[in-house]
Amino acid sequence: MTITSLILVSLVLLHNARAENPNVIAANLSQTITANVTATFQKTFFFLLDADIVTRNPVRISAKAVNASVHNPLIVTARQILGVISFTIPLNDEGYQIYNRVARTLCPQWNVLPTSDLKLFLAVDVSSSENVKREFQLRADYVDNFELIENQKITANVTPSTPMYFKYKFKPNQLNGPVLVRVTSDSDTCATISVQADVCPIHDLMYDIEYDGMFQSMTRVAAITVTPGFSVTKDFVVVVVVHPTDYTCEHLGHELLDQIRQYSNNSKPEPGPKPAPLFNQRKNVIISVESTMTYREYIFPTLITIGLLLIIYLLAYVGTILETEKFIRGFNIGEFEYQNMSDGEAEAGVSNHVEGVVSPSLAPSDASDYNEANGLLSRADQEIPPTEDASKIAPTDYGSTTSANNGGYRRHKTNDSMGSVDYCEDLNDVMEIRRTKVELNVADLSVHSNDYKYRLYQWNLIPIAIFYALPVIQLVAGIQLIVHFTGNQDICYYNYLCSRPLGVVQQFNNIFSNCGYVLLGFLFLLIVKHRDTKYQAAVKERPILGRKYGLPQHNGIYYSVGFSLCMEGLLSASYHVCPTGYNFQFDSTFMYLMAGLLMLKIYQLRHPDVNPHAYTAYIFLSFTVLIEVVGVYVQTIYFWICFAVLYIVATLYFTSHMYYMGVISLDCGIFARISHFFRTDFFTSPKPLYMDRFVFLVLVVTLNFAAAILGVVFQPGDFPSFLLAVFLINLLAYFAYYVIMKFIHSEYPYPITIFCGALTMLTWICALYFYFSTVTNWQLPAALSRVKNMECLVLDFYDNHDVWHIISSMALFFGFVTVLTLDDHLLNKPRDQIKVF
């Protein structure tokens, strides 16, 4: 005999015995019953149910204790065919508040088909554990408006002791697409919204609501997207439970972060929350179910996006073909004084007056005159006796500092950027002479063939990206599976009002919108490769063109920038699989790389012999990412002070390095050399030797010092965004300086550069507007972040942040092309005529 049969038999026996037992009472629905019970005198109430009604509307029982206590409560047990519900009155909810009135909705009976000879009964037992009369009130009613109808709203009033739930049934024509369950309220009272399969038992208590289905904490907005395959019965119920306190909505999602920050403040976190009880916790909610896009309807917006990017591909292809022809036609050396020379004669003719190198055949006095004529920065060079043996004044080991017999002054030697070059004794002195001239040209800073050095940027970035991306993908995939199987939608910070799921992926639109980074990054790589191939072919035909004309064409950093843009798309998509405050660095890491590499590339355009190794650059950028991660978890005044000090020191070093063209090396003698340079350059000279660089770097130092001080004073909570903003501001400042100096020196870029620059500004303005129109905020708890959620903005598929992804990818691409073509007009100009700034 099955359990259902036993329950039915028991109900029949009790029904037959109710006339003989005064404690078994027949009761009517929708009537309030008042009675007393003791430990030895309990009561059982039988309610006769209408089979036609109960299959559509479940029964809700409400009980109120008049004089019961927490230590001696009344016990109410409701028995029906599909299960049993039991609760106590008063209800002590998590130890925070006592409720004398409790209401529960019984398990729906829509799967029960009554037979002709058996009626449906509801039996409610009321008992007490104390032999004292306890008065109570009992009432049972059918739940009106129990079924949720698409695009119709149901209003409910819920308290911690009176949870409620409602049913939604998928229609046959909805089985191909999800629906959106939207719950809104004008109250900040904390609640939990759960979507569960319509299978008994329904979990509608604080301690069991997370056992099944999907759930979210809520203040004013909650939204859960439900797919037809969510339930085996193809139907679901929406459960609303109000919390006795607001702690969950004010802290959920930030408990770990709060504890780590407390430890970083040297204060031990409390073992558990002890919020004060809140009385009259009551919440009016409006529940509605809305149809959303079907999977088939995803095709149109995705194709529109791909089509837009393909149009950029087509325009870029046509523009690249046309501009590359102009790029190569710039090598018409018939206009120059070397037109009647062979390559060898031209190289021999320009070697002395173009390179600016002191010939070994020059007498020491001639070299000294050469130094004075070029306005050398280091006065110590002129203090060295001309008869001194060269072996005494030249560095004996590359990268070291040796003493010269010149009054105690330690003669400093410059680290060149190519460690694989075979140096002669005086090469470092010649190199310092070159770099410290008042009027520098590109020929002075392009002595070495550094193409291999810059190729290292791209080849080193590939393994870095692979080893970084693999654990990222593994981690976010694991988090997504956890969210899928636990149903906890407070883990990930999605825009739930514009959620377009696909399979186990909750927010497919946020992931797909990153395709612009990948596709446009790949397009930039193709453009660089095409230009590189054409350039190498032209140089192969006339080698002198690659050595004496235009800026040196080292494309390694360009390849790295394009690859970084592709990786930004991949890692941003990985981050948006489950965006949280703990993995935000996945989304921003390659933004740091792009900003840093682009600054290096702009600097390298006219300083090819001064730029750092790829190893040095990537170590510095990795250290930046490390500081970013620490800044997420450690938000103390000590961290900000340490960061400000490190940042100011780094700013001083880099600005000194830029001002002196790499003459200052980072070693034990750096402070003595900086002191000497300041004495000779600022205190004994009426004005700085390099006025344009001086003015720019003073502005940069002021800007960065201000950023460091503002960070200490205001301590912004979103440290990664603060640090990224600092990078981007420095990049913008240096690019602006570079462009201004070009116009000062009458260097006017081609129209394609101006056009791409205008597109860059326009797209960045639009992109930043959508970036600051945030729809989530991982600095807030999940329930408060969800208040910022907004409807889809474009094609009923993309929200504000998706539009930011698409437009910012275009802005980055146009910006890269602007830098790529910025100096194309100089390709037919001798390097000794191209100024360095």
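The values are calculated or read from the model by the stated rules, or taken from the named source; none is laboratory data. Note that the coordinates shown come from a computational prediction; the quantities given were computed from them, not determined experimentally. A quick note on method: Cβ atoms are made from the backbone with ideal geometry, for glycine too, and the neighbour counts reach across all protein chains shown. Just so you know, the surface numbers come from the protein's heavy atoms only, side chains and all, with ligands and any DNA or RNA stripped out. Shrake-Rupley method; radii C 1.70, N 1.55, O 1.52, S 1.80 Å.
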Margin query: Being in contact with a strand residue (DSSP E or B) (Cβ under 8 Å, 6 or more places away or on another chain), at pLDDT below 85 and under 16 Å from GLN489 (Cβ atoms): is that true of LEU252 here?
Written below: yes
Next item on the list: Return the residue satisfying two criteria in turn: it lies in the range 520-572 and is open to solvent by 20 Å² or more (accessible area, probe 1.4 Å) and small (Gly, Ala, Ser), and of such residues it is modelled with the lowest pLDDT.
Entry: GLY546
Check: In the set VAL726, VAL787, VAL739, which member is within 28 Å of THR302 (Cα to Cα) and among the aliphatic types (A, V, I, L, M)?
Finding: VAL787
Notebook entry, point to check: When both residues are 6+ apart or on different chains and their Cβ atoms are under 6 Å apart, which pairs have a first residue that lies in the range 55-76 and is open to solvent by less than 20 Å² (accessible area, probe 1.4 Å), and a second that is among the small types (Gly, Ala, Ser) and in a loop (DSSP other than H, G, I, E, B)?
Noted result: LEU74/ALA68
Checklist line | THR651 being among the β-branched types (Val, Ile, Thr), surrounded by 18 or more Cβ atoms within 10 Å (Cβ to Cβ), at pLDDT 85 or above and not in a loop (DSSP other than H, G, I, E, B) | finding: yes
Checklist line | Matching residues, the range 619-636, being open to solvent by 20 Å² or more (accessible area, probe 1.4 Å) and either at pLDDT 90 or above or assigned to a helix (DSSP H, G or I) (or both) | finding: ILE619, PHE620, SER622, PHE623, VAL625, LEU626, ILE627, VAL629, VAL630, TYR633
Next item on the list: For the range 787-803, name all the residues that are outside any helix (DSSP H, G or I) and open to solvent by less than 10 Å² (accessible area, probe 1.4 Å).
Entry: PHE797, TYR798, ASP799
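Rundown of residues vs (1) more than 22 Å from ASN28 (Cβ to Cβ); (2) more than 51 Å from the chain's Cα centre (by Cα); (3) at pLDDT below 85, yes/no style:
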site: VAL102; (1), (2), (3): no, no, no
site: ARG139; (1), (2), (3): no, yes, no
site: TYR142; (1), (2), (3): no, no, no
site: ASN157; (1), (2), (3): yes, no, no
Check: Looking at this structure, is LEU91 within 30 Å of TYR247 (Cβ to Cβ), surrounded by 16 or more Cβ atoms within 10 Å (Cβ to Cβ), at pLDDT below 80 and of a type outside the set (Phe, Trp, Tyr)?
Finding: yes
Check: If you scan the range 601-633, which residues turn out to be free of Cβ contacts under 8 Å to residues at least 60 places away in the same chain and not hydroxyl-bearing (Ser, Thr, Tyr)?
Finding: ILE619, PHE620, LEU621, PHE623, VAL625, LEU626, VAL629, VAL630
Notebook entry, point to check: How about the range 181-214: which of its residues are closer than 18 Å to GLN506 by Cα and open to solvent by less than 10 Å² (accessible area, probe 1.4 Å)?
Noted result: VAL181, ILE193, SER194, VAL195, GLN196
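Residue by residue, here is whether (1) of a type in the set (A, V, I, L, M); (2) part of a loop (DSSP other than H, G, I, E, B); (3) touching a Lys or Arg at 6+ places or on another chain (Cβ under 6 Å) holds:
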{"site": "ASP144", "(1), (2), (3)": "no, yes, no"}
{"site": "ILE154", "(1), (2), (3)": "yes, no, no"}
{"site": "VAL158", "(1), (2), (3)": "yes, no, yes"}
{"site": "TYR165", "(1), (2), (3)": "no, no, no"}
{"site": "SER187", "(1), (2), (3)": "no, yes, yes"}
{"site": "ILE193", "(1), (2), (3)": "yes, no, no"}
{"site": "ILE202", "(1), (2), (3)": "yes, yes, no"}
{"site": "LEU205", "(1), (2), (3)": "yes, yes, no"}
Next item on the list: Among the numbered conditions (1) open to solvent by 50 Å² or more (accessible area, probe 1.4 Å); (2) at pLDDT 80 or above, tell me where ALA465 comes up short.
Entry: (1)
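Conditions (1) touching a strand residue (DSSP E or B) at 6+ places or on another chain (Cβ under 8 Å); (2) part of a loop (DSSP other than H, G, I, E, B); (3) buried (at least 20 other Cβ atoms within 10 Å of the Cβ); (4) on the phi > 0 side of the Ramachandran plot, marked per residue:
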{"residue": "GLY757", "(1), (2), (3), (4)": "no, no, yes, no"}
{"residue": "GLN779", "(1), (2), (3), (4)": "no, yes, no, no"}
{"residue": "SER785", "(1), (2), (3), (4)": "no, no, yes, no"}
{"residue": "HIS805", "(1), (2), (3), (4)": "no, no, yes, no"}
{"residue": "MET810", "(1), (2), (3), (4)": "no, no, yes, no"}
{"residue": "PHE816", "(1), (2), (3), (4)": "no, no, yes, no"}
{"residue": "ASN828", "(1), (2), (3), (4)": "yes, yes, no, no"}
{"residue": "PHE837", "(1), (2), (3), (4)": "no, yes, no, no"}
Notebook entry, point to check: Could you say whether any residue in the range 58-66 is over 23 Å from PRO90 (Cα atoms) and at pLDDT 75 or above?
Noted result: yes
Notebook entry, point to check: Does PHE639 satisfy the condition of being more than 19 Å from ALA725 (Cα to Cα), modelled with pLDDT of 80 or more, open to solvent by less than 50 Å² (accessible area, probe 1.4 Å) and not in a loop (DSSP other than H, G, I, E, B)?
Noted result: no
Notebook entry, point to check: Do we have ILE482 as open to solvent by 20 Å² or more (accessible area, probe 1.4 Å) and either of a type in the set (Gly, Ala, Ser) or part of a helix (DSSP H, G or I) (or both) here?
Noted result: yes
Check: Do we find a residue being under 18 Å from LEU703 (Cβ atoms), over 21 Å from the mean Cα position of the chain (by Cα) and open to solvent by less than 30 Å² (accessible area, probe 1.4 Å) anywhere in the range 740-754?
Finding: yes
Next item on the list: State which residue is most open to solvent (accessible area, probe 1.4 Å) when the search covers only the range 706-716 and only residues that are touching a residue at least 24 places away in the same chain (Cβ under 8 Å) and of a type in the set (A, V, I, L, M, F, W, C).
Entry: ILE709
Item checked: Unique residue being of a type outside the set (S, T, N, Q), within 30 Å of the chain's Cα centre (by Cα) and more than 29 Å from ILE81 (Cβ to Cβ) when the list is VAL226, VAL195, VAL221 -> VAL221
Checklist line | Sole exception among (1) farther than 24 Å from LEU621 by Cβ; (2) open to solvent by 40 Å² or more (accessible area, probe 1.4 Å); (3) touching a residue at least 24 places away in the same chain (Cβ under 8 Å) for LEU703, by number | finding: (1)
Next item on the list: Tell me, yes or no, whether the range 210-220 has at least one residue that is modelled with pLDDT of 80 or more, out of contact with any strand residue (DSSP E or B) (no Cβ under 6 Å at 6 or more places or on another chain) and acidic (Asp, Glu).
Entry: yes
